[in-house]
Amino acid sequence: MRPKLLLTGASGFLGTALIPALSAYHIIGVSRTAQISKGIEWVTPEHLAGSGINFEIVVHAATAYGRNGETSEEIDNANLTFAKNTLELAIQERSKVFVNVDTSQPASTSEYANTKAQFRAILRERQAAIRIVNLELEHFYGPQAPAANFIRWIVDSFLQNIPVLGLSPCEQERDFVHIDDVVRAIDLVLKNQYRETSVGFISFEIGSGQTIKLRALIQMLREMTRNTKTLLEYGARAYNPGEPMHSVANLEKLRALGFSPEINLRDGLQQVVSFRREALKA
């Protein structure tokens, strides 16, 4: 019998990418909207606690970034209240492992990052009750990324020949990792951590392990999209408060499990450009 795995945020960008890779598990998907997928049970967040569903594993991927006009209350509800309720339910169900999809961003950079940091602290407080695996993700991207995703936003702006694109100075160095590599990393961590029998807290950083300056990334995308019309206004936006100028994943723990990123940045970006070019034609 396949182990039961509760996947929150199952209808989101990361969740939908994870589902095909987790075929070794009986997936119970949590989504705010009605979903129909062969071989998957679905439940809404409101009905999760009283559903009577038991599960051995939780992958908590649900999040609110605050990029789509969410209020502070909505961000808190998604990233703290629902997260805490799911954790307590996992402890109540005596689940073996709780995998939390976290961010590498410092708490000071945004309300989203702050709420993720608060939940991370709660996880550390509850580590005596359940095995907790915290995944600190760098910026992940892919063809199916939502409109607010940074790379998709830049690609769409170039493909649509937006007259002016207001940007920060874009001197930051960032680690961009393809969604397929993120999925592979999570699957590998799950297989490793499911075998563990002790409680406690362990973290893994997920990224490509390499950085690129945002200006160089934007120029690369401009060339790929063959854009010559958009005026780039660097410095039109200020950096976010507390925004780090350098962020990169330390892959030491993942490499010990046999992980190595497979999709290089140029190939991954070309996938996005090709997909979005066709999508915008439709």
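FYI, it's all coordinate maths here, none of it is from the lab. The model shown is predicted, which means the values in this text are computed figures rather than measured ones. Here the Cβ is made from the backbone with ideal geometry for all residues, glycine too, and neighbour counts use every protein chain on show.
A compact table of results
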item	result
Stretch gain in nm, segment residue 257-residue 72, where the contour uses 0.36 nm per residue and the Cα spacing is subtracted	62.8 nm
Karplus-derived HN-Hα couplings along segment 131-143 (A = 6.51, B = -1.76, C = 1.60, θ = phi - 60°), whole Hz, x at Gly and Pro	7, 10, 10, 9, 10, 8, 8, 7, 6, 10, 8, x, x
Around residue 76: net Lys/Arg minus Asp/Glu count, Cβ-Cβ under 10 Å	-4
Stretchable slack from residue 81 to residue 49, in nm (0.36 nm times residue separation minus alpha-carbon distance)	10.2 nm
Projected label distance in nm at residue 197 and residue 270, using a 7 Å step from Cα toward the beta-carbon	4.9
Relative packing of peptides 255-262, 19-26 - highest average C-beta neighbours within 10 Å first	19-26, 255-262
Virtual paramagnetic centre 7 Å along Cα→Cβ of residue 229, amide N under 19 Å, in segment 267-282	273-274, 276-282
Packing-based ranking, highest mean first, of 155-162, 242-249 given that Cβ atoms within 10 Å are counted	155-162, 242-249
Gyration tensor verdict on segment 4-281 (Cα atoms; rounded if a/c is under 1.5, prolate if a/b is larger than b/c, oblate otherwise)	prolate
Neighbourhood charge, 9 Å Cβ-Cβ cut-off, centred on residue 3 and excluding it, Lys, Arg +1 and Asp, Glu -1	+2
Extension gain (nm, one decimal) between residue 280 and residue 147, 0.36 nm per residue minus Cα-Cα	46.7 nm
Pairwise FRET efficiency - residue 125 versus residue 240, Cβ, R0 = 22 Å, nearest 0.05	0.20
Among beta bridges that DSSP assigns inside the chain, antiparallel share in %, nearest 5	5
Amide hydrogen neighbours beyond the local backbone of residue 27, cut-off 5 Å, H modeled	5, 41
Local net charge near residue 140, Cβ-Cβ under 13 Å (Lys/Arg +1, Asp/Glu -1)	-4
Ranked packing of 197-205, 51-59, most packed first, by mean Cβ within 10 Å	51-59, 197-205
